[in-house]
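Data block below; observations after.
The values are calculated or read from the model by the stated rules, or taken from the named source; none is laboratory data. All values reported here derive from a predicted model rather than from experimental measurement. Cβ placement follows ideal geometry from the backbone for every residue including glycine, while neighbour counts extend to all protein chains displayed.
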Amino acid sequence: RYVDVQSYATWDPDGYGPWEFEALGIYGQNQYRFLPVRRESNAGNINEALRLTIYFDGQEKTAYQTGFGAFGANYKTENHRIRWITSAFQTAESETFDILGAYWLDELERDLGSDELGEAAVSRGVGAFLNHARNRLYATVISSALKGSSAWGQDKGFFEWGVKWQAESIEDHLSEWSLVDSAGFITPHPQDSIGYINEGPEQAIELDDVIRATNRVETQRVQAFVQNSWRWTDAREGDWEINAGLRGHLWAPEFSDTVYTSLVGGPRGHISYTPKDREGQPSTVYNFAAGVYWQPPFYREMRRFDGTVNAAVKAQRATHFVLGMDRIFEMYGRPFKMVGELYYKDLDFLIPYEIENVRQRYYARNNSSGYAAGADFMLNGEFIDGIQSWFRMSVMKTEEDLNDDAYWQSYNSQGQPIIQGYTLDNTPVDSALIAPGFIPRQTDQRFNMSLLFQDEMPRNDAYKVLVSLYFGTGLPFGPPSFERYKDILRTPTYRRVDIGFSRELFLDQEDSDRNGFISLEIFNILGIRNTINHTWIEDVNGRLYAIPNYLTNRRVNLKIGLNF
C-alpha cells in the first residue's frame, strides 16, 4: 500500500525575468507486508544434489513515511546566473518481523536407474531458525545552497562557484536478533534439570547477531567549490576546452556529546579536444579527466555490526583517471554515436562492508585500500530509420586489501587446513599466519553486456517490437561470518532476454488530440533462473551449504495507455 503526492510550482514576477521562483513538495507513504509460507529449492551438481525445504510462520512489516520540500530562487542576466535553493527532508522508517522457519536439507538420489531418482535419499540436516526485529529510524536533513556562474571573454570562459550548508539529525532504535537450531541445541538437556531438587547448572541459550542500540547523531556539513572553463580554437581549427576546479568539504558529526571535525578537499580537471573532419565538421571528441574525490560518511557508514557508532570514521578517497572518446558517424545512411572510456581509480581510506540479504552492513572503520580499473563501450543509433537502438559492453576489475584481516590457520597431522564440517581430523598440530591480500570487492563484475533493439513492421509503423538482452558475469559472495577474506565465491552468470510488442492507437485520426498504445511485454522469456543471493544452512557437523535464491521467473505484462 502506498500514497504518493507531488507538487511543483514556478513564478516569474515580471514575466520575462530576471527573477524566477520555484517550489517543490513531495510526500510518500509506503507499507509492505510479507508473509512467507513455504519454500523448496534444489541446488548442487551431479555429484551432490541437494534439496532445501522450509515451512514458514510469521510475517514482516516495513513502513516508510517521507516528506520533502524545496524552494528556489533564480536570478539571470545575459552573462550571470545566481541560484539559491533551500530544502528539508524528513523520514520515519520501521522494520519489524518475526519469521520462524523449520527446514529440511536432503541429499537427493542420483542413480539414473533408481525408481527414486530425484527423491530425498539422505538427510543432511533438520533444524529451525527464528529472526526477530523491532527497528525504528527517524531522520531529518535540512540544507541551503547558493550557486553562481558567469560567462567571460566573449563566451571563451565560464566560471562557477557554490557553497552549501547541511544539517542532519539521525535517531536510530535497533532491536534485532536471530536464533538458529541446527541440531537440537536449544532443547532441554538433562543437565539443565530445572525444577528438580538437585538442579544442574543452567544452560544459556545463545542468540546470533544480537543488535540492541539507541543512537542519536547530529551532523553539520559545509561544502564549497570553484571551477573555471577555458575554450579556444587552435591553428588547425580544432576546439579545445579545459575545466579545472577545487572542492572542499567540512563536516562535524556529534555523538555522545563529542564532536568529530574533519576537512577534506581536492582538485578536479577535464580536458577535451574536438578536431574537424575532412568536411570541416566536428565528429570526434577526445576526453581526459582526473581528480581527487572524497566521500564523507553518512550515518550508515558509521554504524558497526553490533549497532554501536564510530563517529570518528574518516572520509573515503578515490583518485580518478579517465580517458575517453565520443564519435558521431553515419552507417547505412543513418546517424550513430560511439562512446568509449578507459578508467583507473585508486581507492584508499575505504570502509569495507558486508551484504546480508539486501542490506549493507559496514565495518565502520577505514581499514581498507583498493583500486578499480576497466573499460566501457556504447554504440547507439538508428538501425531502423527513426528508431533508436543501443549496445553496451563493460569490463571491470576492482579489489581491496584490508589491513587487519590476517588470521591463523590450523593444520592437522596430514598437513590439511582444518575446516569445521569438512575435514575429518580436526586436531591441530601446526598453524600459520595467513595474510589474504587483495580480494574482490562486492561490485567486481568482470564482464557486462546489454543490447536493446527496436524494429517496426514494414509499411505499418504503428506496430513495433523491442528485444533486450542482458549478460553479466557473477558477483563475489561468501558465508555470513563477517570475515571479508572469505567472500571470494562467485554467483552464476546473469542472463535475461525480454521481448515486447506494441501497437499505437488513433494514428489515423490526424485532427484528434487523442493518442494511446497497447503493449505486451514478456520479461525473462527464456525462463532463466538468475541468482540474487544465497541462504546459508548449517548441518550437525557445522558444515555450511549455500542455497541460491532466485529472481523472478518469466513474467507477462499487458499495458494500455490512453491520452485525451
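Against the test of being within 30 Å of Y363 (Cβ to Cβ), in contact (Cβ under 8 Å) with a residue 24 or more places away in the chain, in a loop (DSSP other than H, G, I, E, B) and within 25 Å of the chain's Cα centre (by Cα), the options G291, G307 yield a single qualifying residue, G307. Taken over segment 1-20, the residue count meeting the criterion of being more than 16 Å from T91 (Cα to Cα) and either surrounded by 14 or more Cβ atoms within 10 Å (Cβ to Cβ) or aliphatic (A, V, I, L, M) (or both) is 3. G472 meets each of the listed conditions (1) in contact (Cβ under 8 Å) with a residue 40 or more places away in the chain; (2) under 32 Å from the mean Cα position of the chain (by Cα) apart from (1). Every test in (1) surrounded by 15 or more Cβ atoms within 10 Å (Cβ to Cβ); (2) aromatic (F, W, Y); (3) over 20 Å from the mean Cα position of the chain (by Cα); (4) closer than 27 Å to L402 by Cβ is passed by F321 save one, and that test is (1). M338 - would you say it is within 30 Å of D277 (Cβ to Cβ) and surrounded by fewer than 16 Cβ atoms within 10 Å (Cβ to Cβ)? When the stated conditions are applied, M338 does not pass them.
Look at (1) touching a Pro at 6+ places or on another chain (Cβ under 6 Å); (2) farther than 27 Å from T398 by Cα and you find that P476 fails only one, number (2).
Given the criteria assigned to a strand (DSSP E or B), under 25 Å from the mean Cα position of the chain (by Cα) and either free of Cβ contacts under 8 Å to residues at least 12 places away in the same chain or surrounded by 15 or more Cβ atoms within 10 Å (Cβ to Cβ) (or both), does F56 qualify? The answer is no for F56. Considering only residues in segment 84-137 that are loosely packed, with under 15 Cβ neighbours inside 10 Å and among the polar types (S, T, N, Q), the one that is modelled with the lowest pLDDT turns out to be S114. Per the listing I537, I560, I522, the residue uniquely loosely packed, with under 14 Cβ neighbours inside 10 Å, in contact with a Gly (Cβ under 8 Å, 6 or more places away or on another chain), part of a strand (DSSP E or B) and among the aliphatic types (A, V, I, L, M) is I560. Taking strands (runs of 3 or more DSSP E) as the structural unit, those lying wholly within segment 354-460 and holding at least 2 residues that are touching a residue at least 12 places away in the same chain (Cβ under 8 Å) and within 22 Å of the chain's Cα centre (by Cα) correspond to 359-362, 368-384, 387-402, 447-457.
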